[in-house]
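Participant: First the structure, which I've put down as structure tokens, then a few questions once you've had a look.
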Amino acid sequence: MKQQFDLFGTGEAREPETKVQSAPNNGVQGAQDEIDMVRRLEETGRYRVLRKLVARTIADEPRPGFPLRGAIVDTETTGLNARKDEIIEIGIVAFSFDETGNIGDVTDV
């Protein structure tokens, strides 16, 4: 195959990209790989990376200023049809929050 059609591009055929094998992810090089990946995604014009999500630590005791408790439930399914598709993964994060909706601490996952 000499050319590959870019489904999300301009509609013109282009030369296929060569696959580059990256070095193992080890600290500084891994961080540089992430920066390069973000740059490449944004250069396509189809992506905008806002910020990297950093997992919050689980608090042994929630702070006193956040008396309310809540949970976020996320499901991964094999499709959108509730009659035939299946749930394949469930994620739940419990957290504390205050009366104005400010999130305090992650209390469990």
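Participant: Under a Cβ-Cβ cut-off of 13 Å, what is the net charge of the residues other than V73 that fall near it, where Lys and Arg count +1 and Asp and Glu count -1?
Facilitator: Value of the local net charge: -4.
Participant: Let me ask another. Give the value in nm², to one decimal: projected area of the alpha carbon convex hull of region 70-109, averaged over all directions.
Facilitator: Mean projected area of the Cα convex hull: 3.6 nm².
Participant: Here is a follow-up. Short version: ³J(HN,Hα) in whole Hz for each residue of region 81-97, in order, from phi by Karplus 6.51 cos²θ - 1.76 cosθ + 1.60 (θ = phi - 60°), x for Gly and Pro, what are they?
Facilitator: These are the phi-based 3J(HN,Hα) values: 8, 5, 7, 10, 8, 10, 7, 10, 7, 10, x, 9, 10, 8, 8, 9, 8 Hz.
Participant: Among L53, L68, what is the fewest-to-most ranking by other Cβ atoms within 10 Å?
Facilitator: Going from least to most buried by this count: L53, L68.
Every number in this text was worked out from the coordinates using simple rules, so none of it is lab data. Just so you know, these numbers come straight off a predicted model, no measurement behind them. Cβ atoms come from the backbone with ideal geometry, glycine included; neighbour counts cover every protein chain shown.
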